[in-house]
1. With 5 Å bins from zero, work out the P(r) of the stretch 68-127 over every alpha carbon pair and list the percent per bin.
2. Filter the chymotrypsin sites (Phe, Trp or Tyr not before Pro) in the stretch 77-167 down to the DSSP loop ones having no more than 16 other Cβ atoms within 10 Å, then list what survives.
3. Please give, to one decimal in nm, the separation of the simple spin-label points placed at Lys266 and Asn191, each 7 Å out from Cα toward the Cβ.
4. Roughly how many whole Å is it from the C-alpha centroid of the stretch 62-140 to that of the stretch 188-264?
5. Label Asn181 and Ser244 with points 7 Å out from Cα along Cα→Cβ: what is the distance between them in nm?
6. When the convex hull of the C-alpha atoms of the stretch 150-269 is computed, what volume per residue in Å³ does it have?
7. Please compute the volume of the convex hull spanned by the alpha-carbon atoms of the chain and report it per residue in Å³.
8. Report the Rg/Rh value for the stretch 25-157, based on alpha-carbon coordinates and the Kirkwood definition of Rh.
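The values are calculated or read from the model by the stated rules, or taken from the named source; none is laboratory data. Note that the coordinates shown come from a computational prediction; the quantities given were computed from them, not determined experimentally. Positions of Cβ are generated from backbone atoms using ideal geometry, with glycine treated the same way; all protein chains shown enter the neighbour counts. Heads up: the accessible areas ignore ligands, DNA and RNA and are worked out on the full protein's heavy atoms, side chains in. Shrake-Rupley method; radii C 1.70, N 1.55, O 1.52, S 1.80 Å.
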Amino acid sequence: MKKLINIVVVLTAFAQFSAQKIIHQEVFSPKMNKKIKTIIITPNVQPNTTYPSVYILHGFSGNPDRILKEDIPDIVKKAQEYKTIYILPDGNYSSWYVDSPIIKDSQYQTFIGKELVDFIDKNYPVKAEKRFRGILGWSMGGYGATNIGVTYNKTFGIVGSSCGALDFNAFGEGYNKYMVNKVIGPLESINSNLFTDNKIKLMATAGQRYIFDCGTEDIQMIGQNRKFHAKLTEQKIQHLYTESLGAHDNQYWSRSLSEQLTLFDKYFK
């Protein structure tokens with residue numbers, strides 16, 4: 001009887017360990033001295049197995065819960081299908097994922113590029129090599145993924161942006177409307193390191209894969225993405241750039257992000 005009980009306990013423990021999970025967690029940021037809401041989606045985790053990981057950054061006014069419900073509704077299915085761990089941090093509505101020179105507790109570049117990665121590496125069975133770690137986002141998150149991904153090029157092997165805000169100089173009234181000025185300051189005095197164009201030289205030697213896409217009806221972002229694509233092409237920086245029908249809405253990016261996750265899976269192989 002005792003032997004049977006032991007077997008049941010072992011089987012129960014294994015079932016709990018291996019089940020696919022959606023984990024709502026608060027991760028402490030030492031630099032910001034606060035906890036950041038984060039969702040971690042795992043496949044059916046198996047003993048002695050490690051998995052690729054992708055950090056997914058929502059757009060302006062978004063949040064991790066909305067990613068699950070609206071932005072990438074098939075993300076849980078993809079975590080299991082691709083045997084990948086997805087990490088969805090909260091970008092505090094309008095942080096732009098930068099280390100703000102204005103707001104002390106808005107240091108999201110360091111949090112995502114360093115602190116969150118360290119936490120995930122320590123607490124989840126993820127592969128340590130950078131080629132198995134990606135970062136992806138859209139709109140504000142497309143900027144964030146590009147900025148953080150290239151800055152931390154020894155950490156992330158794949159960088160993806162969908163309809164990203166890739167040129168603050170071309171943002172027009174959107175610069176203030178979407179509160180970039182609140183976290184970075186006036187456009188005329190912005191730190192040049194925060195311009196995506198200034199990442200191009202680094203991208204040439206970073207040893208990363210890049211994916212960019214935008215909808216052809218995305219009036220605000222299509223020009224920015226085409227120009228960035230042209231500059232990368234001019235500098236002979238290998239990247240994948242696609243355009244397809246769609247505007248700046250979740251009907252477009254729920255499709256484009258799902259497709260990018262499929263590409264990430266291929267690159268992880």
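1. 4, 15, 21, 18, 19, 15, 6, 2, 0
2. Tyr93
3. Placing both labels 7 Å along Cα→Cβ, they lie 3.7 nm apart.
4. About 18 Å separates the Cα centre of the stretch 62-140 from the one of the stretch 188-264.
5. Placing both labels 7 Å along Cα→Cβ, they lie 3.7 nm apart.
6. Convex hull volume per residue, Cα atoms: 113 Å³.
7. Taking the convex hull of the Cα positions in the chain, it is 123 Å³ per residue.
8. Result: Rg/Rh = 0.94.
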